[in-house]
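A short reminder: the numbers here are calculations on the coordinates, not readings from a lab. Since we're looking at a predicted model, the values are computed, not measured. Here the Cβ positions follow ideal geometry from the backbone for every residue, glycine too, while neighbour counts run over all protein chains shown.
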Amino acid sequence: MPKKLKQTETATGGSTGDATGEPGRNGNFKNHLKEISAILEWFDSQEELDVELALEKIKKAGELMKSSKKRLVEIENEFKEIQKTVEE
């Protein structure tokens, strides 16, 4: 039987990041990676899978991966800008 969540917890047991759920400059990217890891650990620990809860967790992991990928692109662009200023 799945654990009931406290009102302050997400389905992964972690935080939701900023108001948009996007990983920002304040360490939310790292938090999203931790949440994805927690989801993977949850799946590994299940003897019997609750399909509805699994679907929730898969959706959450997808959202986290999408926003993390977006942040990685932003970081890459920032590095490119820094490289341009160094090469001038």
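Of Lys34/Lys84; Lys34/Lys80; Lys59/Lys80, which ones are farther than 30 Å apart at the Cα? Listed pairs above 30 Å: Lys34/Lys84; Lys59/Lys80. If the segment from Val86 to Lys69 were pulled out straight at 0.36 nm per residue, it would be longer than the present Cα-Cα gap by 3.5 nm. Panel order for Ile36, Ile82, by other beta carbons found within 10 Å of each beta carbon, from fewest to most: Ile82, Ile36.
Of all aspartates and glutamates in the structure, the ones whose alpha carbon falls short of 19 Å from that of Lys30, not counting any fewer than 8 places away in one chain, are Glu9, Asp18, Glu22, Glu41, Glu63, Glu74, Glu76, Glu78.
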